[in-house]
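Worksheet: one structure, shown below.
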Amino acid sequence: MIRLTVNGRAVEVEAAPDTPLLWVLRDHLGLVGTRFGCGAGMCGACTVHLDGVATFSCLTAVEDAAHQQITTIEGLSPDGSHPVQRAWVAEQTPQCGYCQSGQIMRAAALLAANPTPSRDEIVGEMSANLCRCGTYPRIIRAIERAARED
Amino acid sequence: MTVTIHPSRRRFLAGAGGLAFAVLSGGGISVLRPSAQAATSTEPGVPVDAWVTIFPDDRVIIRYGAAEMGQGVSTSLPLIVAEELDADWDRVTVEQVSQDPQRLFGNPAFGGNLFSAGSTSLEGYFTALRIAGATARRVLIHTAAAAWGLPVDEVSTEPGVVVHEASGRRLRFGEIVALEEIRTDVLQVFEDDLKPREAWRLIGSGVGRRDIPGKTRGEAIYSIDVRVDGMVYAAQLLAPVEGEAPTVDNDADALSVPGVIAVVPLANSIGVVADTFEAALAGRDRLRVSWSTGSDFRSADSADELAQLAQAADDFSTEPVTWEARGDAAGALSAEGRRTVTAHYTTEHVYHAQMEPLNAVASVDHDGKGADVWVGSQSQTISLAVASHVLDTTPDRIRFHAMQMGGAFGRRTVFARDLLRDALLLSKTVGRPVKLIWTREDDVKNGWLRPATVHRLDAVLDETGRLEALRHRVASPSIMQFAFPNRWDPESRRDLLVMEGTESADYAIPNLLAEQVLVDRRSRVSAWRGIGWAPNCFARECFLDELADAAGSDPVSFRRDLLRDSPRGLEVLNKVVKMSGFGNPPEGRAHGLAFAGYKATLGAGVAEVSVTEGRLRVHRFWAAVDPGIVVHPLSYVGQVEGGIIFGLSSLLGERSTFTDGMIEQNNFYDYEILRIDAVPEIEVALVESGSPPSGGGEIGVPMTGGAVANAVRRLTGTQPRRMPFDLGDA
């Protein structure tokens, strides 16, 4: 039994200690907004916050997350109104949407650490996440908007 | 003539659950009282055959037949119905059609099948949906007029309300459907009866996409997210080479992994079923399997294939398949004393790399003859047929749940049938619902690739430098023959999926010959975003720049002359030249131009590039596109931007290679798609000609190859001749 704190809530899961946090979130806890894209830390679809830091949940053993605050897309804001989420809607960013939870989590962590990032800083940070639909221009615009409006 | 009405019962009890309109093939309408037949609707009371359902509380449900894969059809198609219905868009909810036993919802552009590919949804559905919405509106107007005892022509609508302006009387749509008598004896709606364009308030407007808020909250559900009571997970050990079959040497170690339930040999794979996906993966790692060794694909090698294609493109001893012939290009090319130019271009194999790895959930009934199926499919019709075939049952036994897709790009049409088959077989074997997931490695190594192509182009320039004759020869395996054997005609051997675009229909070329030299496939081949247009326009647009030089012309003038009979083509060309300031790039950079239609959608692109220490960078990209009517501009521009990025990705670095029949790449670390740091500033201008809508999913792709290659050539003096570009060439 492993104890976790997910979106501010204490939970217990039955999983081997080396199980990727991704599967624990998705399959054991039903938080399917965190996506499986590559399992290799190459696409960022699985990005969550560990103590506020954007992290690939596919490369994180669940036991290593046990003493940290885990935040998923479902817990980013109570009602989907985080400034990044609002900006994402305003810029009409998602297409297929599959990568967008991860994109939003990384953008939110970036803005928490650096509320007024330069364009180069945005691009540098967001290079960890892939989007095959090609929503990149709108991701940049949405982060700039969130920084401006928050 | 009045519309067809059924069932015959025209009177509705006041206070009934609502009213549903179903548009039938042939343009008729049926008006139904909602009943328990709503088996495939998520909303009780919505008949399975209704485009539009209106409830007494003013809610309107509009269903759409295309499948959402990011292109925005879950908004754009219902928007068309809502426009003609004059619905209050804020009260509209949208709903995916999952199956269509009466063939009411199919795309007219795809033979009435539920099939979303090739940028055809708007083209195919536009008129049918307008008529559906207008017919529903007509019923509401007639019903309200009858209730008021007023002539129909004095009654009109505002969003969600029927109004009689003179008296100020108003009835909300919800009030009308609750009336005792619904007037369905209305005249059939024809195209001439539809709203004039200046009256549109939804089509072309800036309303947001319906699916976007949920996608920002992690609430969008794809098939990989589906959870069913009693569901177990499956991983698959797939044949290393196409066509090989497994023999299990030892499954005891796999079965000893806690949580592993079963090891199931399948035709070309082994399924490992477990309580969790991590256990299924661990069990798969411990399997000991021998594979047969007789497959012809054991010797498949992508480098050999490219060499063979290059040879075939120049081999005039084999009979090619003619795709298009105008005038006498062969005669012009063989005539004495003519100025001819020849060049070759190559494109390599590429993989779809949709972000959601292929997966399916199947729950087979205890008798093995029915199932629930959840899958993201570009064709509900095909997937349903696959499922009924696999279970040797009738389609009515398949409860198909069409899921939105985490990207598709051509990967999820027929090309995903094997995985659906295997999910069903695994569920049937273990007697429980099964979610079968491919890992990214499975997805990369079992890709159905856009085939490699080698293009040989020959041209004749007349004495004034005009293009008099063009032969565009493509050496390639046939996608149609492999992927759509039912639609492949062995007589004509025409391959739409490879050759379309080589006809260069928008250019005035008096003598044109487009032909395919068929080479046996050495990998699984399929359609990929942009289909044949991407390789074909890359080759042709590079060649045109070379011809412009040979003719002493320039890229713009040479193309303007070729577009002399295409006002729409000229318009987008001139627009992109203007917006980019073509030919006046900043110091150290160059501009390149390409014109690239995709069927009736016309586009032109300009790339601004630099090359520093062998590293190509695309700084800016301008595109002008004429897609006819733009139904939903926010989605449309996003599609064009995405297409441009998709195209740039393929020319800047994507490449699948194989040796000994095995794809060599594994994951995104060795199959690299474009990241945000390589994306240029993109500016898209929509040049609306008012033609019928002709789609936007592909148009961004075909213009990228030529525009970037031509810019590189202008900068370095060397023409890139191969996609992805090897700047060793430049």
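The values are calculated or read from the model by the stated rules, or taken from the named source; none is laboratory data. Because the structure is predicted, anything quoted here is derived from the model rather than measured. Backbone-built Cβ (ideal geometry, glycine too); neighbour counts: all protein chains shown. Surface areas here come from the heavy atoms of the whole protein model, side chains and all, with no ligands, DNA or RNA. Shrake-Rupley method; radii C 1.70, N 1.55, O 1.52, S 1.80 Å.
Answer yes or no: is there a residue in the range B:78-93 that is out of contact with any Leu (no Cβ under 6 Å at 6 or more places or on another chain), under 24 Å from A:C133 (Cα atoms), within 14 Å of chain A (Cβ to nearest Cβ) and not basic (K, R).
No, the range B:78-93 contains no residue that is out of contact with any Leu (no Cβ under 6 Å at 6 or more places or on another chain), under 24 Å from A:C133 (Cα atoms), within 14 Å of chain A (Cβ to nearest Cβ) and not basic (K, R).
Out of all the residues in the range B:316-333, which are farther than 17 Å from B:V474 by Cα and exposed (fewer than 13 other Cβ atoms within 10 Å of the Cβ)?
Scanning the range B:316-333 gives a single hit, B:G331.
With B:A245, B:A252, B:A239 as the choices, which residue is open to solvent by less than 20 Å² (accessible area, probe 1.4 Å) and either farther than 26 Å from B:G376 by Cα or assigned by TED's automatic domain parsing to the domain that holds B:K428 (or both)? Even if it seems obvious, please write down each step before you answer.
Values: B:A245 fails: open to solvent by less than 20 Å² (accessible area, probe 1.4 Å); B:A252 fails: open to solvent by less than 20 Å² (accessible area, probe 1.4 Å).
Only one candidate passes the filter, namely B:A239.
Being more than 14 Å from chain A (Cβ to nearest Cβ) and within 23 Å of B:V434 (Cα to Cα) narrows it down to one residue among B:A312, B:A262; which is it? Walk me through it before giving the result.
Working: B:A312 fails: within 23 Å of B:V434 (Cα to Cα).
Residue meeting the stated conditions: B:A262.
Let's see how each residue does on (1) surrounded by 24 or more Cβ atoms within 10 Å (Cβ to Cβ); (2) touching a residue at least 40 places away in the same chain (Cβ under 8 Å); (3) within 12 Å of chain A (Cβ to nearest Cβ):
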site: B:V341; (1), (2), (3): no, yes, no
site: B:Q354; (1), (2), (3): yes, yes, yes
site: B:V364; (1), (2), (3): yes, yes, no
site: B:G376; (1), (2), (3): yes, yes, yes
site: B:S383; (1), (2), (3): yes, no, no
site: B:S388; (1), (2), (3): no, no, no
site: B:R399; (1), (2), (3): no, yes, no
site: B:M403; (1), (2), (3): yes, yes, yes
site: B:A416; (1), (2), (3): yes, yes, no
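What are the pairs, 6+ residues apart or on separate chains, where a residue within the range B:602-613 that is surrounded by fewer than 24 Cβ atoms within 10 Å (Cβ to Cβ) has its Cβ under 6 Å from a residue that is not hydroxyl-bearing (S, T, Y)?
Listed by first residue and then by second, the contacts come to B:S610/B:G588; B:S610/B:R589; B:S610/B:R617; B:V611/B:L715.
Based on what the data block shows, is B:D422 among the acidic types (D, E), outside the structural domain of B:Q380 (by TED's automatic domain parsing) and modelled with pLDDT of 95 or more? Can you show your working first?
Values: among the acidic types (D, E): yes; outside the structural domain of B:Q380 (by TED's automatic domain parsing): no; modelled with pLDDT of 95 or more: yes.
Against the criterion (among the acidic types (D, E), outside the structural domain of B:Q380 (by TED's automatic domain parsing) and modelled with pLDDT of 95 or more), B:D422 does not qualify.
Counting just the residues of the range A:28-47 that are of a type outside the set (A, V, I, L, M, F, W, C) and facing chain B (nearest Cβ under 8 Å), which one comes out nearest to A:L130 (Cα to Cα)?
A:G37
Select from the range B:664-687 the residues that are open to solvent by 20 Å² or more (accessible area, probe 1.4 Å) and touching a Lys or Arg at 6+ places or on another chain (Cβ under 6 Å) and list them in ascending order.
The answer is B:E681, B:V687.
Suppose we filter A:V84, A:V53 for residues that are within 11 Å of another protein chain (Cβ to nearest Cβ) and within 14 Å of the chain's Cα centre (by Cα); which single one remains?
On the way: A:V53 fails: within 11 Å of another protein chain (Cβ to nearest Cβ).
Only one candidate passes the filter, namely A:V84.
I need every pair where a residue in the range B:585-596 that is in the same structural domain as B:R540 (by TED's automatic domain parsing) has its Cβ under 6 Å from the Cβ of a residue that is assigned to a strand (DSSP E or B) and surrounded by fewer than 23 Cβ atoms within 10 Å (Cβ to Cβ), sequence separation at least 6 or different chains.
B:G588/B:S610; B:R589/B:S610
Is it true that B:I221 is at pLDDT 95 or above, open to solvent by 20 Å² or more (accessible area, probe 1.4 Å) and either over 30 Å from B:L420 (Cβ atoms) or out of contact with any Gly (no Cβ under 7 Å at 6 or more places or on another chain) (or both)?
On the way: at pLDDT 95 or above: yes; open to solvent by 20 Å² or more (accessible area, probe 1.4 Å): yes; either over 30 Å from B:L420 (Cβ atoms) or out of contact with any Gly (no Cβ under 7 Å at 6 or more places or on another chain) (or both): yes.
Against the criterion (at pLDDT 95 or above, open to solvent by 20 Å² or more (accessible area, probe 1.4 Å) and either over 30 Å from B:L420 (Cβ atoms) or out of contact with any Gly (no Cβ under 7 Å at 6 or more places or on another chain) (or both)), B:I221 qualifies.
Between residues in the range B:227-251 that are within 14 Å of chain A (Cβ to nearest Cβ) and residues that are surrounded by fewer than 19 Cβ atoms within 10 Å (Cβ to Cβ) and not in a loop (DSSP other than H, G, I, E, B), which pairs lie under 8 Å by C-beta distance while being six or more apart or on different chains?
B:V228/B:D372; B:V232/B:V430
Here's the yes/no breakdown for (1) of a type in the set (S, T, N, Q); (2) within 12 Å of chain A (Cβ to nearest Cβ):
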| position | (1), (2) |
| --- | --- |
| B:G603 | no, no |
| B:V606 | no, no |
| B:L616 | no, no |
| B:R620 | no, yes |
| B:S635 | yes, yes |
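In the range B:654-667, is there at least one residue being basic (K, R), outside any strand (DSSP E or B) and more than 13 Å from chain A (Cβ to nearest Cβ)?
Taking the range B:654-667 and keeping what is basic (K, R), we get B:655.
The next check asks that each one be outside any strand (DSSP E or B); those that pass are B:655.
Right, trim to more than 13 Å from chain A (Cβ to nearest Cβ) and you get B:655.
Yes, the range B:654-667 contains a residue that is basic (K, R), outside any strand (DSSP E or B) and more than 13 Å from chain A (Cβ to nearest Cβ).
Could you pull out the residue among B:A132, B:A144, B:A128, B:A136 that is among the small types (G, A, S), open to solvent by 20 Å² or more (accessible area, probe 1.4 Å) and part of a helix (DSSP H, G or I)? Step through it out loud before you land on a result.
Working: B:A132 fails: open to solvent by 20 Å² or more (accessible area, probe 1.4 Å); B:A144 fails: open to solvent by 20 Å² or more (accessible area, probe 1.4 Å); B:A136 fails: open to solvent by 20 Å² or more (accessible area, probe 1.4 Å).
Answer to the check: B:A128.
Taking the condition of being assigned to a strand (DSSP E or B) and either surrounded by fewer than 16 Cβ atoms within 10 Å (Cβ to Cβ) or in contact with a Lys or Arg (Cβ under 7 Å, 6 or more places away or on another chain) (or both), how many residues in the range B:170-198 meet it? Before the answer, list the steps.
Just the residues of the range B:170-198 that are assigned to a strand (DSSP E or B), to begin with: B:170-172, B:181, B:187.
If we keep only those that are either surrounded by fewer than 16 Cβ atoms within 10 Å (Cβ to Cβ) or in contact with a Lys or Arg (Cβ under 7 Å, 6 or more places away or on another chain) (or both) too, we end up with B:170, B:181, B:187.
Residues that pass the stated criteria total 3.
Restrict the check to the range B:239-258 and report whether at least one residue is under 21 Å from A:A16 (Cα atoms) and within 35 Å of the chain's Cα centre (by Cα).
We begin by selecting, within the range B:239-258, every residue under 21 Å from A:A16 (Cα atoms); these are B:252-258.
This time we only want the ones that are within 35 Å of the chain's Cα centre (by Cα), so: none.
No, the range B:239-258 has no match at all.
Tally the residues that are within 11 Å of chain B (Cβ to nearest Cβ), without any contact (Cβ under 8 Å) to a residue 12 or more places away in the chain and open to solvent by 10 Å² or more (accessible area, probe 1.4 Å), restricting the search to the range A:117-138. It would help to see each step written out before you state the result.
Narrowing the range A:117-138 to residues within 11 Å of chain B (Cβ to nearest Cβ): A:119-120, A:122-138.
Those still in the list that are without any contact (Cβ under 8 Å) to a residue 12 or more places away in the chain too: A:120, A:124, A:127, A:136-137.
Among the residues that remain, those that are also open to solvent by 10 Å² or more (accessible area, probe 1.4 Å) are: A:120, A:124, A:127, A:137.
Residues that pass the stated criteria total 4.
Has the range B:567-586 got at least one residue that is acidic (D, E), open to solvent by less than 50 Å² (accessible area, probe 1.4 Å) and at pLDDT 95 or above? Working first, answer last.
Initially, the range B:567-586 is screened for residues acidic (D, E), giving B:571.
Imposing the further condition that a residue be open to solvent by less than 50 Å² (accessible area, probe 1.4 Å) reduces the set to none.
No: the range B:567-586 contains no residue that is acidic (D, E), open to solvent by less than 50 Å² (accessible area, probe 1.4 Å) and at pLDDT 95 or above.
Please enumerate the residues belonging to the range B:62-111 that are under 20 Å from B:K599 (Cα atoms) and open to solvent by 20 Å² or more (accessible area, probe 1.4 Å).
B:Q71, B:P108, B:A109, B:F110, B:G111
Across the range A:139-150, what is the total count of residues that are surrounded by fewer than 23 Cβ atoms within 10 Å (Cβ to Cβ) and in a helix (DSSP H, G or I)?
Residues of the range A:139-150 surrounded by fewer than 23 Cβ atoms within 10 Å (Cβ to Cβ): A:140-141, A:144-145, A:147-150.
Those still in the list that are in a helix (DSSP H, G or I) too: A:140-141, A:144-145, A:147-149.
Residues that pass the stated criteria total 7.
Inspect the range A:39-51 for any residue being of a type in the set (S, T, Y), in the same structural domain as A:I139 (by TED's automatic domain parsing) and closer than 22 Å to B:A353 by Cβ and give the result as yes or no.
So in the range A:39-51, the residues of a type in the set (S, T, Y) come out as A:47.
Among the residues that remain, those that are also in the same structural domain as A:I139 (by TED's automatic domain parsing) are: none.
Looking for residues that are of a type in the set (S, T, Y), in the same structural domain as A:I139 (by TED's automatic domain parsing) and closer than 22 Å to B:A353 by Cβ, one finds none in the range A:39-51, hence no.
Which count do you get for residues in the range A:75-99 that are open to solvent by 40 Å² or more (accessible area, probe 1.4 Å) and touching a residue at least 12 places away in the same chain (Cβ under 8 Å)? Walk me through it before giving the result.
As a first pass, look at the range A:75-99 and keep what is open to solvent by 40 Å² or more (accessible area, probe 1.4 Å): A:78-79, A:81-82, A:86, A:89-90.
From what's left, touching a residue at least 12 places away in the same chain (Cβ under 8 Å): A:82, A:86, A:90.
Total satisfying the criteria: 3.
Would you confirm whether or not the range B:688-696 contains a residue that is within 26 Å of B:Y636 (Cα to Cα), crowded, with 17+ Cβ neighbours inside 10 Å and not small (G, A, S)?
Checked against the condition, which is being within 26 Å of B:Y636 (Cα to Cα), crowded, with 17+ Cβ neighbours inside 10 Å and not small (G, A, S), the range B:688-696 yields at least one hit.
For the range B:617-646, give me each residue that is in contact (Cβ under 8 Å) with a residue 60 or more places away in the chain, touching a strand residue (DSSP E or B) at 6+ places or on another chain (Cβ under 9 Å) and surrounded by fewer than 24 Cβ atoms within 10 Å (Cβ to Cβ).
If the condition is that a residue be in contact (Cβ under 8 Å) with a residue 60 or more places away in the chain, touching a strand residue (DSSP E or B) at 6+ places or on another chain (Cβ under 9 Å) and surrounded by fewer than 24 Cβ atoms within 10 Å (Cβ to Cβ), then B:R617, B:H619, B:R620, B:G628, B:V630, B:P633 are the ones that fit.
Name the residue that is farthest from A:V32 (Cα to Cα), counting only residues in the range A:100-116 that are buried (at least 24 other Cβ atoms within 10 Å of the Cβ) and free of Cβ contacts under 8 Å to residues at least 40 places away in the same chain.
Among those that are buried (at least 24 other Cβ atoms within 10 Å of the Cβ) and free of Cβ contacts under 8 Å to residues at least 40 places away in the same chain, it is A:A107.
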